[in-house]
Structure formats: C-alpha cells, structure tokens
C-alpha cells in the first residue's frame with residue numbers, strides 16, 4: 001500500500017554526501033518572548049530608561065528628577081500602570097520618602113477619566129465637602145474635611161496649612177473620596193502627595209566617626225545598653241523642606257539615590273539578549 005503525502009506538505013529530503021545520508025538540518029526555534037508578561041515588562045523598562053536618559057538632561061522634568069534617569073524610568077513605568085502618558089506621569093507623580101504619590105488634582109483627573117464623578121460641594125478655609133460616585137451608580141458618597149480635623153491630626157502647624165488651608169483641605173478631601181469610590185483605579189498609587197508630605201520624616205540614627213569605631217574596637221567605648229539604639233556609621237538624617245507657596249512644583253521630594261539597573265534587568269529577563 002502506498003501512502004501519499006498530505007496536500008501541501010513537502011517531506012524532508014535527506015542530503016546526499018557521497019555514500020552517506022545526512023538528515024536535513026532543523027532551524028532552531030526562537031525563544032518564546034511574546035505573551036510572557038515579565039519579559040515584555042523588562043523590555044518596556046529598558047525602552048523607558050532610554051527615554052529617561054534624554055529627559056533627565058532637560059528642564060521639562062521636575063527639579064527633583066533632573067539628572068536621575070533611574071527615578072524617571074520608575075515614574076514612567078508607574079504612570080503606565082495607571083494609564084498615563086510619560087510626560088503626564090512626570091508632572092503628576094512625586095516620590096515622598098521612597099513612596100510614589102499622585103498630586104491631588106492628578107488623582108481627581110485620573111478617576112474622572114474612568115467615568116467616575118467627583119464634585120466639590122463646599123470649599124472654605126475651614127471646611128471642604130466633596131462627593132463622588134462610581135460610573136453607573138446612583139448614590140453619592142460624601143466626605144468632609146474640616147480645619148478642626150486637621151488640628152486634631154497636628155497638621156495646621158505645618159507651613160502649607162498655614163499659608164493655604166483651603167487648598168490643603170481640598171487635597172485631603174480629594175484623595176479620600178477618590179479612594180472611596182475608585183480604589184481599583186488608584187491601586188498602584190493610593191496616596192496623594194499632599195498626604196505624604198504631612199507625615200513625619202523618618203529620622204536616621206546619630207552619626208558615628210571612624211575614631212569612635214576604632215576606640216570601640218579597642219575597648220575604649222562601652223557597648224550600647226539594653227534598649228539603646230545603635231548608631232549608624234556616617235548616615236545622615238533625611239530632611240524634608242517644603243517649597244514656598246506658589247511654586248510650580250509645590251513640593252520638595254526625596255527620591256532614591258541608588259544607580260539605575262534597568263538595562264541589566266531587561267537583559268537578564270530577555271533570552272535573546
């Protein structure tokens with residue numbers, strides 16, 4: 001019985017070399033990259049870093065990000081998760097004590113862009129009332145932020161609260177109502193910049209000199225007592241300084257100083273690299 005080949009299928013023909021038959025060489029399969037979310041993210045990170053290298057030398061990025069392509073890359077990738085374009089992300093995101101945060105107006109705009117409603121009901125220097133509702137809902141959710149509430153949290157002694165209490169009340173009410181009605185939109189960055197700058201700055205342990213270390217090693221200094229915090233070596237306490245009211249940026253931030261490693265991450269995840 002003769003078996004005919006399937007239509008359109010060409011059987012492999014062995015190559016003839018003298019009296020020996022050599023099987024046809026098979027083309028190696030390329031590694032499967034498409035459909036792997038981690039590899040795709042690593043490639044996107046490398047491309048974002050290339051963009052960041054150029055943007056870091058311009059004045060179009062906030063002063064806290066200028067000359068820091070690694071931080072710009074992280075901001076672009078974070079904005080991408082929120083559905084924001086790169087330049088919009090750089091104008092809307094801050095890094096406060098190592099935590100990414102959206103400015104209140106950007107948070108409200110992001111929630112509204114998904115079809116949810118956010119409205120200011122009342123706004124004075126002593127009270128802000130805002131309401132919001134999810135797309136398709138009929139009932140409104142309402143939040144209130146008063147100057148008494150801010151005083152109870154120890155906020156009114158801060159510079160921005162003294163200078164512009166009405167704006168700060170709006171910012172606080174905005175972030176609260178946005179989280180209440182659209183937590184799924186803000187899951188990656190749930191806090192507003194205006195909230196995080198009100199938090200106390202983490203203080204580093206006191207500095208220790210080289211001479212003190214040598215003296216301790218020679219038994220010249222007693223070991224820390226029980227319950228006493230050990231002192232760090234040459235570590236300076238971070239200090240947050242608020243910018244004067246009316247500045248374009250509005251906040252001073254403390255981004256990470258570590259060097260970028262986006263190319264290395266992408267190469268490690270990409271089999272073709």
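The values are calculated or read from the model by the stated rules, or taken from the named source; none is laboratory data. What you see is a predicted model; the values in this text were computed from it and never measured. Virtual Cβ from ideal backbone geometry, glycine too; neighbours counted across all protein chains shown.
Some points to look at:
- Test: residue in region 102-119 that is assigned to a strand (DSSP E or B), in contact with a helix residue (DSSP H, G or I) (Cβ under 9 Å, 6 or more places away or on another chain), touching a residue at least 24 places away in the same chain (Cβ under 8 Å) and closer than 30 Å to residue 52 by Cα: yes
- Among the residues of region 127-147, those identified as touching a residue at least 40 places away in the same chain (Cβ under 8 Å) and closer than 21 Å to residue 165 by Cβ are 127, 128, 129, 130, 131.
- Taken over region 148-166, residues that are out of contact with any helix residue (DSSP H, G or I) (no Cβ under 8 Å at 6 or more places or on another chain) and outside any loop (DSSP other than H, G, I, E, B) amount to 8.
- The single condition among (1) crowded, with 16+ Cβ neighbours inside 10 Å; (2) in a helix (DSSP H, G or I) that residue 50 does not satisfy is (1).
- Within region 188-224, being at pLDDT 65 or above and in contact with a helix residue (DSSP H, G or I) (Cβ under 9 Å, 6 or more places away or on another chain) holds for 188, 189, 190, 191, 192, 193, 194, 195, 197, 198.
- Residue list for region 120-135, restricted to those being farther than 17 Å from residue 179 by Cα and in a loop (DSSP other than H, G, I, E, B): 124, 125, 126
- Selected residue (only one of 124, 174, 78 is touching a helix residue (DSSP H, G or I) at 6+ places or on another chain (Cβ under 7 Å) and loosely packed, with under 14 Cβ neighbours inside 10 Å): 124
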